[in-house]
Amino acid sequence: MDVLSILIDWFPYLLSGVAVTLGLVFAALGLGFLLGLPMAIGQVYGSRPVRSLVGVYVWFFRGLPILVLLFLFWFGIFPGLGLGDLSAFVVGAVVLGLRGAAYQSQIFRGAIQSVAEGQMIAARSLGMSRLTAIRSVILPQAMRIALPGWSNEYPNILTDSAVCYAIGVAELLTLASRIVAQTNVMMPIYLATAGIFIIMNYGGLKVLHGLEKRVAIPGFGAGAV
Amino acid sequence: MNDNDYVLRVEDIHKSFGDMEVLRGISFDVQRGETKVFIGPSGTGKSTLLRCINQLTLPDRGRIWLDGEEVTNSGARINYFRQKIGMVFQNFYLFDHLTAVRNVELALLKVRGMGRAEAREKALTELRQVGMEEWADHYPAELSGGQAQRVSIARALAMDPDVILFDEPTSALDPELTREVLEVMRRLARQGMTMLVVTHEMGFACSVANEILFMENGVVAERGAPDMLLHDPRFTRMKEFIGRFDGRPGD
């Protein structure tokens, strides 16, 4: 059997890993967003204990290699919490998400802090509560400022997701290595895998850049001089 | 005259920043429909005074009443008072991500809880007031400074405030744009809006103010009707001050 027909035969199997990889990526990005944004708000506007708590969280999740985090949660923390039944997929997505939250929180923090001070003053002068001002004035601007930096999170998480191979999540790399074990064909399989990653990367960034253009406001944010 | 004739009462306001005593006991009353103008050298606390009135800066001492209700020490009710005390800033502070009309309607929607259609209609009415209706769908970055300031006045007007505080509203504008903003303010004064204005525009002060308060070193050094401060020989400080940079009371 020649390499090409092996590739063609196994390609649908390999592609089934795309769904799992995308599942990991979107779950992790979503979790990172849901945790990261409130953390950023807490770090900018919160009390001292809140700010320290976020600081410790960020320090922890940015301070450890992703593989170490994955093993800690897979073998230790989740079983220790009585969550040993969680699937490898869920654990992988959660760990990627928790780590992403640390990075996202800092992207959003920087963005919130770069919204001009007068915006909050003007909002408060109209009788808005701080929360309303944050929601209606600060965040809509901060999100636009954050978007280019946030777009980085997609390729980061996408490439990091391959680490879930180590706990047996059936994502792209895991399936690729299974095919290699079955067929003894190595480079073509890994090259095909690399190709799929690159295409996913390109497609995602294209969508994000489109989004940047769509929410752009004349004279405001990244496009403004 | 009883308390109710005053929209605003300001009593013995003190404020320090560190060792710097910026306000050293300022008191005045404002009647409905009155325009008071604050003049004086930079750094004498004029802007700080305005910010104390709506509690954007908390005074160290002194009390403020709006329509007989105490604004100072009002806790969370300050958001209620701020709706009734409009503010216009030197640098406009328009919401950069919103078009002119959405700038004006935002607080109507989020603070007043007004419906969309009603808020839009009111916002357009206020923009018409300041001659900016045709620019309703433009973003702040697409407006000249004078246009932006007029939109910010419309934004303050939309809340139907009892008084509007103008904090050097034309200091960031060239003479041409200054004129268009002052024109809007003159019209508001004529229509009976109660206004406190910090400005260096002597022409405006003399033609519009019911009273000028000349501030120096954190106190009101001289106060009175423009004519009196300018022509009564007993008053010298303000004349000296404006003589220093102009020599004439402006247009």
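The values are calculated or read from the model by the stated rules, or taken from the named source; none is laboratory data. Remember, it's a predicted structure, so these values are computed and weren't measured experimentally. Every residue, glycine as well, gets a Cβ built from its backbone with ideal geometry; the counts of neighbours run over all protein chains shown.
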Log entry, pairs with first residue in region A:6-26 being closer than 11 Å to A:Ile179 by Cα, second being among the small types (Gly, Ala, Ser), beta carbons closer than 7 Å, six or more apart or on different chains, reads A:Leu7/A:Ala192; A:Leu14/A:Ala176; A:Leu14/A:Ala192
- Message: Given the criteria touching a residue at least 60 places away in the same chain (Cβ under 8 Å), surrounded by 18 or more Cβ atoms within 10 Å (Cβ to Cβ) and out of contact with any Gly (no Cβ under 8 Å at 6 or more places or on another chain), does A:Gly97 qualify?
- Response: no
Of (1) within 9 Å of another protein chain (Cβ to nearest Cβ); (2) part of a loop (DSSP other than H, G, I, E, B); (3) within 23 Å of B:Thr199 (Cα to Cα); (4) not aromatic (Phe, Trp, Tyr), B:His138 fails just (3)
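So which of A:Phe61, A:Phe89, A:Phe71 is assigned to a helix (DSSP H, G or I) and either farther than 29 Å from A:Ala146 by Cα or basic (Lys, Arg) (or both)?
A:Phe71
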Of those in region B:87-114 that are part of a helix (DSSP H, G or I) and among the β-branched types (Val, Ile, Thr), the residue farthest from the other protein chains (Cβ to nearest Cβ) is B:Val101
When every residue in region B:59-86 that is over 19 Å from the mean Cα position of the chain (by Cα), under 16 Å from A:Arg130 (Cβ atoms) and not basic (Lys, Arg) is compared, the one nearest to the other protein chains (Cβ to nearest Cβ) is B:Ala76
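Would you mind stating whether B:Gly203 is surrounded by fewer than 18 Cβ atoms within 10 Å (Cβ to Cβ), in contact (Cβ under 8 Å) with a residue 40 or more places away in the chain and in contact with a Leu (Cβ under 9 Å, 6 or more places away or on another chain)? Before the answer, list the steps.
Numbers: surrounded by fewer than 18 Cβ atoms within 10 Å (Cβ to Cβ): yes; in contact (Cβ under 8 Å) with a residue 40 or more places away in the chain: yes; in contact with a Leu (Cβ under 9 Å, 6 or more places away or on another chain): yes.
Here the answer is yes, as B:Gly203 does meet what is asked.
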Among the residues of region B:169-200, the number that are over 24 Å from B:Glu105 (Cα atoms) and of a type in the set (D, E, K, R) is 4
Result of the Cβ filter at 7 Å on region B:153-175, keeping first residues that are modelled with pLDDT of 95 or more and partners that are in a loop (DSSP other than H, G, I, E, B) and of a type in the set (Phe, Trp, Tyr), at least 6 apart or interchain, is B:Asp167/B:Phe89
Within region B:155-171, residues within 12 Å of chain A (Cβ to nearest Cβ) and either of a type in the set (Ser, Thr, Tyr) or not in a strand (DSSP E or B) (or both) come out as B:Arg155, B:Ala156, B:Leu157, B:Ala158, B:Met159, B:Asp160, B:Pro161
